[in-house]
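The values are calculated or read from the model by the stated rules, or taken from the named source; none is laboratory data. All of these numbers come straight from a predicted model, not from anything done at the bench. Cβ placement follows ideal geometry from the backbone for every residue including glycine, while neighbour counts extend to all protein chains displayed.
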Amino acid sequence: METIKLKGGSPLIDKIFKIGAAIAAMYILAIIVLIVFQLISGSYDIWAKEGISFLTGSDWNAVEGSEVYGAAPYIAGTFVTAGLAMLIGVPISIGIAMFLSELAPKFLRTPLSFVIELLAAVPSIIYGLWGIFVFRDYIRDWIEVPLNSTFGNNVWFLSGAPFGLDIFTASVVLAIMIIPTISSISREIMIAVPNSQREAAYMLGATKWEVFKMAVVPYSKSGLIGASILGLGRAVGETMAVTMLIGNATGPSAWPTTLFGPGQTMSSIIANEFPEASAGSLHLAALIGVGLILFIVAIGINMVAQLLVSRVLKSHEGAVLA
Amino acid sequence: MITIEQRAEFRKHFRNNISIRLAADKMIKGIVLGCVVIAIIPLGSILLEVVRNGVPALSIVFFTQEPGAIGSDQPGGIGPAIQGTLMLIGMSSLIGVPVGVLGGIFLSEFGNNRLGHMIRFFNDVLAEFPTIVIGLFAFIMIVLTFGYFSILAGTFALSIIMLPIITRTTEEALKLVPVTYREAGYALGVKRWIVITKILLTSAKSGLITGIMLAVARIGGETAPLIFTILGSDQFFSGFDQPMDALPLRIWRLSLLPYDTATAQGWGAALVLILIVLSLNIGVRYIFMRKHGGGGRFRIKAGG
Amino acid sequence: METVTKTPIKHTSVEEPRYKLIAENIVASYNGIVAVKNVSMKFKDKAVTALIGPSGCGKTTFLRTLNRMHELTKSAKVEGRVLLDGDDLYSSGEDAIIHRRKIGMVFQKPNPFPTMSIYDNVAAGLKLNGVKNKDVMDQIVKGCLEMVYLWDEVKHDLKKPGMSLSGGQQQRLCIARALAIQPEVLLMDEPASALDPIATQKIEEMMTELKKEYTIIIVTHNMQQAVRVSDYTGFMYLGDLVEFGETKQIFENPRNEITAKYVQGQFG
C-alpha cells in the first residue's frame, strides 16, 4: 500500500482543471456539429444542382459534360445489405446470447464470450481480404450456384449468374461482423433478468426453452431490440469489407434487384470513387453528399439504439460502448 | 373452492405433451449450440488463413523495405506501412488520450447533470459512427484546407475515432474507484484536481490503460478514414505535408492488384495487423481479468 | 459442534393418518455445503404444516427439494425420496418438469410475469400444459382467483397488467398462478414476509380456507403466523429436523430443549 503525500492544492488550478475537463468533454459536441456543417457545405453544390433528384435518381455519371448523380441505388444498397445482415445475424446472435446466458456451463461462459468478442476485434479490411480470397469461393460454390441453378429462373432475387462478389456475399460477411455486437449486448441483457422470473416459470413445470420464452424474452425484449438496432447501425456504417465484396456496380445497374448481382452501398461508392474525384469537382460534392445522407441515417439509427439499450442497462454501466 | 375431484377433472384437459416439449427443448439446445459454432467457424478460418498465407511472406525485407515496382519480381516490403501505422497510433494518442481522459474525468466527477447526460449520449453515438464519414470530415477540414494529404489529416481523423472510446472507458474506470477515496481526500481539504490526479487516476490506472489499448487496437485497423487523409504511399515517411502509408491501406491496395506477389504481401500485412490488434485485445482482457476477475465490461470493436 | 438431540414423531391420533407427501432421508447440498442433513417428514392432507427455524437452518432448501426446485441451484445435490401419493418424484430417469407441476410454489417476493395480464399470469401454466379449451381456461382462472380472494377485486378487468396490482394482490396472483396447474400440494416460502400486516392477514385467511382441499406446507420465520395458520409444525436447526408435531404441542409443550428455546424467542 503506497502512501500518497497530499498538499492542499491551489484553488485556481482547481477551477482551471474543471473548466478544462468541461471543454474536453464538449469537444465531442463541437465535433458533431462541425461534421454536420462541413458535410453540408462540402456537398452544397450537388444539392444545388440536383436537389431532391439526388435522393431519388439512379443515374450516375462522372464524365464531365454529362454529369448526373443520383444516389438512390446506393441508399437502397445500404439498406438491403444491412437488412439482410440483420436477417441472418440477429437470430444467430440471440441464439448465442441464449446459450451464453442460460445454457453454457460456468467454466465455458467467459472464454466463449471472449472468443466471440474477438470477432469484433478483427478489422474490417481483414474481413474483406478473407472474404475475397477465401469465403467468396465457398459461398459461390456451396450456396449461390446451387440456389441459382435450382431456383434462379423462378425466384427473382436468386437470378443472375453468381460470381461471388455480390450483395449476398457482402451481406453474409456483414452478418458475421455484427454478430459479436448484438450477441454480447443481448447476453448482458438476458443475464440481467432476475432469477425470480425464471423460477416462476420453472415452478410451472417449464422446460429450459419454455423458461426462456416465458420469463426471459418478454422481460428483455426492448433491450434485445436495442442491441439489434446497434448491430444495424454498425452494418450501415461498415465500409471496407462491403466495398471489397459487393461488386462495385454504379448507376441504375446498382439497384439491388438480385442477391447474386453486384451492388453498391453508400459507404462503398465513396470508398470506390474517391480516388477519382478531383478537389472542387461536382463529383466530389456528390460523394460528400452521399456521406451526408449516410451520416443522417447512421446517427438516426444509433440514437434510437442508444436510447433503447441504455434504458435497459442503466443500472449497470450506463450507456453502452459497443 | 376447487375440490380434489374438480382438480382431477381439470387435469384431463392437460395434453400429454411432455415428450414433445422435452424434444423441442433438446432441439432448441442443439440449434443454439449450432449458432455458437457458426459464429466461431469464421473466426477460426480467418485466423487460419491469415497465418497460413501470411507467414510465407514474412522476411527481413518484408518488414524493412519499401514496396518495389508493381508486378515486378522484386516486390520489396511493407516497411512504410508499418512505420505509418505506428506513427499514426502514436500521434493520434497524443491528442486522443489527454482529451479523452479529461473528458472522462469530466463525465465521472462533474457529469451528473443534464449537460453530462447529453455529452455521454452523444459520446456513445459518436463511438458508433461510420468512420468513412469521419474520414470525409477530416478530408474537408484538413486536406482541402491545407491542400495536401498528410499525417496531420490522418491523425485528426483517428483521434476523433479514439476520443469517445477513451472518454467512456475512463469514466467507467473512475466510477469503479470507491466513493470513499474521494471523500477521504475532500475531507482532508484537498482540492479536487489533486484528488483526481493523485488519487483517482492512480487507482483507476489499469482501467485507463485498458481503454487506451482498446482504442489503439481500434484505430490501428481503421482503413476508411485513411483513404481520405493520408492517401497511401510507397515511401517511408517523408514529411508532415506528404501522403504516407499505413497497414490497413496497404492491405487494401495490395488486394486490388492482380499479382500473386501482391496478394502474398497483402496476407503478410494482414498477419502483422491482426497480431497487433489481437495482442492488444487479449492483453486488455488479461489485465482486466487480473484486476477484476473476469466479466466483460469493455466491449471490443474493430476498425472499419 | 453442537449435538442436536432429535425428538421422534409421535402419532397422537388413533386412526391411520393420511399422508399426502412423504419426504424420506433428504440430504441436500449446494456449493459443497450440506444444508439439509438427513431429514424425513410426513405431511398430512387437508392440513397446513409449518416449517420454522432460525436463518440458515435449511428449511427453505428442504422445501425446495419437495418440488425438485433445489436442483436448479448451482452445484446442487439431492439424495432421498419424495413420495407424492406414493409416487417417488425422484425416480431416476424422469425429467423434473413432469413433477414440478404437481406441486405449486409461491416465493418470498411476488414475481408475476410483468409483461402479462392478470388473466395470462394465472393461465400461464395452463398454456404450457396444452389446455386449448377457452371455457375450461376461463373456469380455472376464475376458480383460482376466487380461491385467493382476488376475483372480486379484478374481475372487471382481467386484461390489466399483473404488475398494476398492489404487493399483496400480486402475491395472491402468484398463488392463483400456482394453483392453476391443479397441484395437490402448495409450497409457500415465507409468502407474507414482504407484505404489510393487512395483506398478510388476507393470505392467512386464504390459507385456512385452502387447506380444506389442499396440502399446504409453509416456511415461515414468523412464529405467531405458524401458530395462527398451521396444524403441524416442524422445527429445523442446523440442517436437522429437531422436532415435529402438532403445532399446539410444539409451541406450548416442546419436548426438545432447543425447540423450547427457539419458540420462547431465546434465539432467532
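So in the range A:98-125, with the set limited to residues that are within 7 Å of another protein chain (Cβ to nearest Cβ) and farther than 30 Å from B:W267 by Cβ, which one is modelled with the lowest pLDDT?
It comes out as A:T110.
Of all residues in the range A:230-258, count the ones that are surrounded by fewer than 21 Cβ atoms within 10 Å (Cβ to Cβ) and closer than 30 Å to B:D25 by Cβ.
0
Looking at (1) in contact (Cβ under 8 Å) with a residue 60 or more places away in the chain; (2) polar (S, T, N, Q); (3) under 30 Å from C:I103 (Cβ atoms), find the lone condition where B:N53 falls short.
Answer for B:N53: the failing condition is (3).
Looking at the range B:259-270, can you tell me whether even one residue there is assigned to a helix (DSSP H, G or I), at pLDDT below 90 and within 20 Å of the chain's Cα centre (by Cα)?
No.
Among (1) out of contact with any helix residue (DSSP H, G or I) (no Cβ under 7 Å at 6 or more places or on another chain); (2) more than 30 Å from B:T3 (Cβ to Cβ); (3) at pLDDT 90 or above, where does C:P183 come up short?
(2)
If only one of C:L72, C:L84 is within 20 Å of C:I175 (Cβ to Cβ), in the same structural domain as C:I203 (by TED's automatic domain parsing) and under 19 Å from the mean Cα position of the chain (by Cα), which one is it?
Every option except C:L84 fails the conditions.
Take the residues in the range B:16-68 that are out of contact with any Asp or Glu (no Cβ under 9 Å at 6 or more places or on another chain) and not in a helix (DSSP H, G or I), then tell me which one is nearest to B:T85 (Cα to Cα).
Within the range B:16-68, the match that is nearest to B:T85 (Cα to Cα) is B:Q65.
So which residues in the range A:188-204 are of a type in the set (G, A, S), facing another protein chain (nearest Cβ under 7 Å) and either in contact (Cβ under 8 Å) with a residue 40 or more places away in the chain or under 11 Å from C:A124 (Cβ atoms) (or both), if there are any at all? Talk me through it step by step, then tell me what you get.
Of all residues in the range A:188-204, those of a type in the set (G, A, S) come to A:192, A:196, A:200-201.
The next check asks that each one be facing another protein chain (nearest Cβ under 7 Å); those that pass are A:196, A:200.
Answer for the range A:188-204, where residues must be of a type in the set (G, A, S), facing another protein chain (nearest Cβ under 7 Å) and either in contact (Cβ under 8 Å) with a residue 40 or more places away in the chain or under 11 Å from C:A124 (Cβ atoms) (or both): just A:A200.
It is to be established whether one or more residues within the range A:91-103 are within 16 Å of the chain's Cα centre (by Cα), surrounded by fewer than 22 Cβ atoms within 10 Å (Cβ to Cβ) and free of Cβ contacts under 8 Å to residues at least 60 places away in the same chain.
yes
Evaluate the range C:161-171: report whether one residue or more is of a type in the set (G, A, S), over 17 Å from the mean Cα position of the chain (by Cα) and buried (at least 24 other Cβ atoms within 10 Å of the Cβ).
Checked the range C:161-171: at least one residue is of a type in the set (G, A, S), over 17 Å from the mean Cα position of the chain (by Cα) and buried (at least 24 other Cβ atoms within 10 Å of the Cβ).
I'm trying to understand the selection: among the residues of the range A:33-61, which are surrounded by fewer than 19 Cβ atoms within 10 Å (Cβ to Cβ) and either facing another protein chain (nearest Cβ under 7 Å) or acidic (D, E) (or both)?
Matches in the range A:33-61: A:D45, A:D59.
Return the residue satisfying two criteria in turn: it lies in the range B:163-186 and is of a type in the set (A, V, I, L, M, F, W, C) and without any contact (Cβ under 8 Å) to a residue 24 or more places away in the chain, and of such residues it is farthest from the other protein chains (Cβ to nearest Cβ).
Applying the filter and picking the extreme gives B:V179.
For the subset of the range B:202-226 comprising residues that are surrounded by fewer than 18 Cβ atoms within 10 Å (Cβ to Cβ) and touching a residue at least 40 places away in the same chain (Cβ under 8 Å), which member is nearest to B:M87 (Cα to Cα)?
B:I209
How many residues, within the range A:159-194, are outside any helix (DSSP H, G or I) and surrounded by fewer than 24 Cβ atoms within 10 Å (Cβ to Cβ)?
Looking only at that region, the number is 9.
Quick check on this structure: which one of A:G70, A:G128 is within 10 Å of chain B (Cβ to nearest Cβ), farther than 21 Å from B:S279 by Cβ and crowded, with 18+ Cβ neighbours inside 10 Å?
A:G128
With respect to A:E210, determine if the residue is under 20 Å from the mean Cα position of the chain (by Cα), in a helix (DSSP H, G or I) and of a type in the set (D, E). I'd like the intermediate steps shown before the answer.
On the way: under 20 Å from the mean Cα position of the chain (by Cα): no; in a helix (DSSP H, G or I): yes; of a type in the set (D, E): yes.
Taking the combined requirement at face value, the residue does not satisfy it.
Please work out which residue is nearest to C:A178 (Cα to Cα), limiting yourself to the range B:1-54 and to residues that are within 7 Å of another protein chain (Cβ to nearest Cβ) and acidic (D, E).
Checked the range B:1-54; the qualifying residue nearest to C:A178 (Cα to Cα) is B:D25.
Would you tally the residues in the range C:136-156 being part of a loop (DSSP other than H, G, I, E, B), on the phi < 0 side of the Ramachandran plot and in contact (Cβ under 8 Å) with a residue 24 or more places away in the chain?
Here the count works out to 2.
Condition first: under 22 Å from B:F228 (Cα atoms), in a loop (DSSP other than H, G, I, E, B) and more than 14 Å from every other protein chain (Cβ to nearest Cβ). Now tell me which residues in the range A:248-285 satisfy that. First the steps, then the outcome.
Kept after step one, since they are under 22 Å from B:F228 (Cα atoms), are these residues of the range A:248-285: A:248-250, A:264-285.
Imposing the further condition that a residue be in a loop (DSSP other than H, G, I, E, B) reduces the set to A:248-250, A:264-265, A:277-281.
Answer for the range A:248-285, where residues must be under 22 Å from B:F228 (Cα atoms), in a loop (DSSP other than H, G, I, E, B) and more than 14 Å from every other protein chain (Cβ to nearest Cβ): A:A249, A:T250.
Give, as residue ranges, the strands (runs of 3 or more DSSP E) completely inside the range C:33-127 that count at least 1 residues that are without any contact (Cβ under 8 Å) to a residue 24 or more places away in the chain.
On the way: elements: C:33-44, C:48-52, C:76-84, C:103-106.
By residue number, C:33-44.
Evaluate the following for C:N25: is it within 15 Å of C:D240 (Cβ to Cβ), assigned by TED's automatic domain parsing to the domain that holds C:M236 and surrounded by fewer than 22 Cβ atoms within 10 Å (Cβ to Cβ)?
Criteria met by C:N25.
Which fully enclosed helices (runs of 4 or more DSSP H) of the range B:128-196 have 1 or more residues being among the basic types (K, R), at pLDDT 85 or above and under 17 Å from the mean Cα position of the chain (by Cα)?
Hits in the range B:128-196: B:151-176.
Step by step: first the residues of the range A:140-158, then only those that are assigned to a helix (DSSP H, G or I) and hydrophobic (A, V, I, L, M, F, W, C), then the one that is surrounded by the most Cβ atoms within 10 Å (Cβ to Cβ). Which residue is that?
First, the residues of the range A:140-158 that are assigned to a helix (DSSP H, G or I): A:140-151, A:156-158.
Those left that are additionally hydrophobic (A, V, I, L, M, F, W, C): A:142-143, A:145, A:147, A:151, A:156-158.
Numbers: A:W142: 10, A:I143: 17, A:V145: 17, A:L147: 16, A:F151: 13, A:W156: 12, A:F157: 16, A:L158: 19.
Among those residues, the one meeting the criterion is A:L158.
The conditions are (1) on the phi > 0 side of the Ramachandran plot; (2) out of contact with any helix residue (DSSP H, G or I) (no Cβ under 6 Å at 6 or more places or on another chain), and B:G232 fails exactly one of them. Which is it?
So B:G232 meets the others, but not (2).
Yes or no: B:K12 more than 23 Å from B:P258 (Cα to Cα), in contact with a Leu (Cβ under 8 Å, 6 or more places away or on another chain) and not small (G, A, S)?
On the way: more than 23 Å from B:P258 (Cα to Cα): yes; in contact with a Leu (Cβ under 8 Å, 6 or more places away or on another chain): no; not small (G, A, S): yes.
In short, no.
Look at A:S183 and say whether it is without any contact (Cβ under 8 Å) to a residue 24 or more places away in the chain and more than 14 Å from chain C (Cβ to nearest Cβ).
When the stated conditions are applied, A:S183 does not pass them.
Run down B:L249, B:L208, B:L226, B:L254 and say which single residue is more than 11 Å from chain A (Cβ to nearest Cβ), assigned to a helix (DSSP H, G or I) and either out of contact with any His (no Cβ under 6 Å at 6 or more places or on another chain) or farther than 30 Å from A:F133 by Cα (or both).
B:L208
Within the group A:G70, A:G42, A:G57, A:G77, which residue is under 30 Å from B:V36 (Cα atoms) and at pLDDT 85 or above? It would help to see each step written out before you state the result.
On the way: A:G70 fails: under 30 Å from B:V36 (Cα atoms); A:G42 fails: under 30 Å from B:V36 (Cα atoms); A:G57 fails: under 30 Å from B:V36 (Cα atoms).
Result: A:G77 is the single residue among A:G70, A:G42, A:G57, A:G77 that is under 30 Å from B:V36 (Cα atoms) and at pLDDT 85 or above.
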